[in-house]
Amino acid sequence: MEKRIRVLVAKPGLDGHDRGAKVVARALRDAGFEVIYTGLRQTPEQIAEAALQEDVNVVAMSILSGAHSHLFPKVVNLLREKGMKDTLVIGGGVIPEDDIPALKEAGIAEVFTPGALTTDIVEFIKKNVK
Amino acid sequence: MSNEKVQAELAKYEASAEKAIARFPERPHLPEQRLYTPLDIKNTDYADEISFPGVYPYTRGVQPTMYRGRFWTMRMYAGFSTAEESNKRYRYLIESGATGLSCAFDLPTQIGYDSDDDISQGEVGKVGVAIDSMADMELLFDKIDLGKVSTSMTINAPASVLLAMYIAVAEKQGVTPDLLKGTIQNDILKEYAARGTYIFPPRPSMRLITNIFEYCSKNVPKWNTISISGYHIREAGSTASQEIAFTIADGIAYVEAAIKAGLDVDAFAGRLSFFWNAHNNVLEEVAKFRASRRIWAKVMKERFHAQKPKSLMLRFHTQTAGSMLTAQQPNNNIIRVALQTAAAVMGGTQSLHTNSRDEALALPTEDSVMIALRTQQIVAYESGLADVIDPLAGSYYVEALTNKIEAEAWDYIKKIDEIGGAVAAIEKGYIQKEIQDSAYKWQMDVESGAKTIVGVNKFHIKEESPKNLLRVDASVGEKQKAKLIEMKAKRDQAAVQAALTALEKACVDENENLMPHILTAVKTYATLGEICGVMRKVFGEYEAHVNL
């Protein structure tokens with residue numbers, strides 16, 4: 001049997017807006033992935049540690065507070081430090097387009113902004129997960 | 001026409017409609033009932049259920065003359081970066097004709113951390129202004145007369161601390177607390193259920209809230225001590241009926257807690273206020289506002305036996321729905337906000353914040369805020385919607401919808417009563433689950449095309465990435481930290497320590513009102529993080545459990 005894709009949906013920082021994170025988590029679960037949701041207010045360290053413990057293939061983070069440029073790259077770095085070089089990291093939230101190139105440079109494979117379809121997120125993961 | 005006659009005519013109409021539909025099918029995904037008639041409101045008694053503005057059950061509005069006396073308060077939510085920057089924006093808004101202030105605080109402030117805390121890094125000054133101590137509050141209201149302006153503060157878990165700072169700054173300006181006008185959000189239950197900026201567990205949080213009710217009833221009598229908020233519940237994905245049901249259930253919990261703490265219902269109930277969302281469906285929203293007034297009046301009269309008319313009136317602030325703004329074709333949002341504004345006004349709001357077109361992308365620019373404020377002014381002065389009271393009353397559809405939303409909300413309130421009240425329903429995750437299910441259904445409806453969002457799943461165009469978004473200066477965190485270090489070096493450390501020790505002792509004694517102790521502490525320039533740190537130590541922190 002093919003191993004199911006495991007996804008950690010995470011809310012880094014202090015932002016409490018988790019409508020999007022929960023909707024995406026449920027859509028990924030309905031698409032057949034195994035999904036773990038961290039809940040609110042996770043530090044980058046907590047997220048990287050959870051990713052390691054849960055042995056996930058994907059880390060999907062959501063921020064609507066504007067702290068994305070500070071927090072997303074930190075998580076990528078910590079994952080790499082822990083040896084999770086193949087973990088696919090994606091992000092979403094209220095993220096100005098101008099910030100996206102730098103986030104991609106920092107190792108965020110894709111950024112989904114308001115209006116994105118959950119089916120696109122599912123497709124992206126299927127296509128890019130290692 | 002008698003009801004029998006209407007019934008007969010309706011049957012004829014339905015037959016002809018069916019014939020028309022056979023040739024021209026109706027659009028999919030419409031509400032089941034296509035037309036409303038007197039039959040739909042034949043059981044609605046005008047005197048009992050609708051009545052007159054300013055008269056129980058206040059379906060038609062809380063004041064006898066509504067906007068014919070004066071318009072709603074045009075209150076634009078703003079705040080970002082440092083206190084100095086936000087002060088500039090506030091003064092700009094006042095000069096542009098805004099009639100009340102509404103302060104947005106950054107997340108560290110909302111969760112009781114100072115700007116130099118590790119956990120605050122990357123968040124300082126981002127979604128609101130950073131306030132570490134009374135020194136920042138002095139800058140925030142510099143050259144703004146607190147005796148004149150009415151100020152709303154979106155602050156919940158540490159509401160007691162920010163209110164104390166406001167009182168202290170006013171005192172420094174020579175304004176006594178009895179003159180202060182404004183609102184603190186102070187609604188912790190919806191933080192657990194939908195918004196996420198909780199600190200302490202429910203019990204000590206409810207104590208802080210009742211402490212504020214009691215303190216303000218004696219010392220700050222014009223202050224709205226809570227803004228019981230459905231806004232964020234709706235933003236998190238609830239339906240209109242769920243928005244008012246869960247919020248009124250929260251309201252019931254606050255009133256019960258205050259009565260249990262020994263307060264007389266009429267001593268505080270008149271200062272309770274509500275906060276609703278103005279969503280896209282104009283007539284549904286108008287019906288929702290009307291239904292909410294009727295339910296609250298009945299709750300206060302029948303359940304809590306409040307006597308004063310003020311205690312029975314649901315007064316509310318409204319904000320247009322942030323979650324309905326689209327990042328695509330942002331100018332379309334101006335139209336959405338105008339329609340939402342019309343709904344809020346026809347629904348009888350007491351104050352209104354209109355969102356700006358660019359808020360699905362970033363914090364709004366000054367130009368965008370100006371359009372949003374002008375939207376309110378156009379509706380107020382040009383549209384005629386504010387000239388006659390409750391103009392949609394008597395519409396078969398709006399009255400029937402008001403009844404339907406009321407009935408759905410009562411069903412939820414009953415269910416929550418059975419669970420043991422709002423606190424228990426939140427602790428069990430019931431309210432969160434209901435909201436999540438609605439949010440998921442909405443998203444699936446958008447993705448399947450059952451719901452159309454213009455510019456998102458229909459009528460899209462290739463767009464350039466938007467220019468001129470507001471960016472918060474990246475150095476704001478460092479600036480704020482430097483200010484904090486400087487302030488700490490100047491203050492009287494012994495006084496700070498003594499105030500914090502006294503506060504800790506008061507936290508342990510459940511019969512003590514914490515407000516005077518917090519006020520003493522802020523006046524020594526003890527920081528928000530230090531004060532909340534003391535409370536964290538005694539009260540502990542809330543841990544959420546999420547069931548997807």
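So which residues in the stretch B:81-111 are buried (at least 24 other Cβ atoms within 10 Å of the Cβ), within 13 Å of another protein chain (Cβ to nearest Cβ) and not in a helix (DSSP H, G or I), if there are any at all?
B:S81, B:F105, B:D106, B:I111
Across the stretch B:329-338, what is the number of residues that are buried (at least 20 other Cβ atoms within 10 Å of the Cβ) and touching an Asp or Glu at 6+ places or on another chain (Cβ under 9 Å)?
2
Could you list, ordered by first residue, the pairs with Cβ atoms under 7 Å in which the first is in the stretch A:47-74 and open to solvent by less than 40 Å² (accessible area, probe 1.4 Å) and the second is part of a helix (DSSP H, G or I) and among the small types (G, A, S), at least 6 apart or interchain?
Once the first residue is open to solvent by less than 40 Å² (accessible area, probe 1.4 Å) and sits in the stretch A:47-74, its partners that are part of a helix (DSSP H, G or I) and among the small types (G, A, S) give A:V59/A:A51; A:S62/A:G20; A:S62/A:A21.
Taking helices (runs of 4 or more DSSP H) that do not extend beyond the stretch B:219-325, which have at least 3 residues that are surrounded by 24 or more Cβ atoms within 10 Å (Cβ to Cβ), in contact with a Gly (Cβ under 8 Å, 6 or more places away or on another chain) and modelled with pLDDT of 95 or more?
Hits in the stretch B:219-325: B:240-260, B:282-298.
Return the pairs, sorted by first residue and then second, in which the second residue is surrounded by 11 or more Cβ atoms within 10 Å (Cβ to Cβ) and at pLDDT below 85, the first residue lies in the stretch B:456-482 and is at the interface with chain A (Cβ under 10 Å from one of its Cβ atoms) and outside any strand (DSSP E or B), the beta carbons are less than 8 Å apart, and the residues are 6+ apart or on different chains.
Sorted first by the residue in the stretch B:456-482, then by its partner, the pairs are B:L470/B:F80; B:V472/B:F80.
What number of residues within the stretch B:152-199 satisfy the criterion of being touching a helix residue (DSSP H, G or I) at 6+ places or on another chain (Cβ under 9 Å), more than 15 Å from B:Y254 (Cα to Cα) and among the basic types (K, R)?
Here the count works out to 2.
Looking only at the stretch B:123-155, which residues are more than 19 Å from the chain's Cα centre (by Cα) and within 13 Å of chain A (Cβ to nearest Cβ)?
B:E123, B:V124, B:G125, B:K126, B:A130
Collect the residues in the stretch A:93-118 that are over 23 Å from B:R357 (Cβ atoms) and either free of Cβ contacts under 8 Å to residues at least 12 places away in the same chain or not in a helix (DSSP H, G or I) (or both), keeping them in residue-number order.
A:P101, A:K104, A:E105, A:A106, A:G107, A:I108, A:A109, A:E110
Being surrounded by 13 or more Cβ atoms within 10 Å (Cβ to Cβ) and farther than 23 Å from B:V161 by Cβ narrows it down to one residue among B:V534, B:V472; which is it?
B:V472
Count, please, the residues in the stretch B:507-531 that happen to be under 20 Å from B:A489 (Cα atoms) and either touching a Gly at 6+ places or on another chain (Cβ under 7 Å) or open to solvent by 30 Å² or more (accessible area, probe 1.4 Å) (or both).
Total meeting the criteria: 6.
Considering only residues that are open to solvent by less than 10 Å² (accessible area, probe 1.4 Å) and either without any contact (Cβ under 8 Å) to a residue 40 or more places away in the chain or at positive phi (or both), look in the stretch A:14-43 and name the one that is nearest to the other protein chains (Cβ to nearest Cβ).
Here the residue is A:G16.
Being open to solvent by less than 50 Å² (accessible area, probe 1.4 Å), of a type outside the set (D, E, K, R), in contact with a helix residue (DSSP H, G or I) (Cβ under 7 Å, 6 or more places away or on another chain) and not in a helix (DSSP H, G or I) is true for just one of B:A393, B:A425, B:A400, B:A409. Which residue is that?
Every option except B:A393 fails the conditions.
Of a type outside the set (V, I, T) and assigned to a loop (DSSP other than H, G, I, E, B): which single residue out of B:D132, B:D178, B:D136 fits that description?
Going through B:D132, B:D178, B:D136 in turn, just one is of a type outside the set (V, I, T) and assigned to a loop (DSSP other than H, G, I, E, B): B:D132.
Taking the stretch B:14-49 on its own, how many of its residues are in a helix (DSSP H, G or I) and open to solvent by 80 Å² or more (accessible area, probe 1.4 Å)?
So the answer is 6.
Say whether the condition of being closer than 30 Å to B:R234 by Cβ, part of a helix (DSSP H, G or I), open to solvent by 10 Å² or more (accessible area, probe 1.4 Å) and touching a Gly at 6+ places or on another chain (Cβ under 7 Å) is met by at least one residue in the stretch B:144-161.
Within the stretch B:144-161, not a single residue is closer than 30 Å to B:R234 by Cβ, part of a helix (DSSP H, G or I), open to solvent by 10 Å² or more (accessible area, probe 1.4 Å) and touching a Gly at 6+ places or on another chain (Cβ under 7 Å).
The values are calculated or read from the model by the stated rules, or taken from the named source; none is laboratory data. For clarity, every value in this text was computed on a predicted model and none was experimentally measured. Please note: Cβ atoms are built from the backbone with ideal geometry, for glycine as well, and neighbour counts cover all protein chains shown. When the accessible area is computed, the model is the full protein with side chains, heavy atoms only, and any ligands, DNA or RNA have been set aside. Shrake-Rupley method; radii C 1.70, N 1.55, O 1.52, S 1.80 Å.
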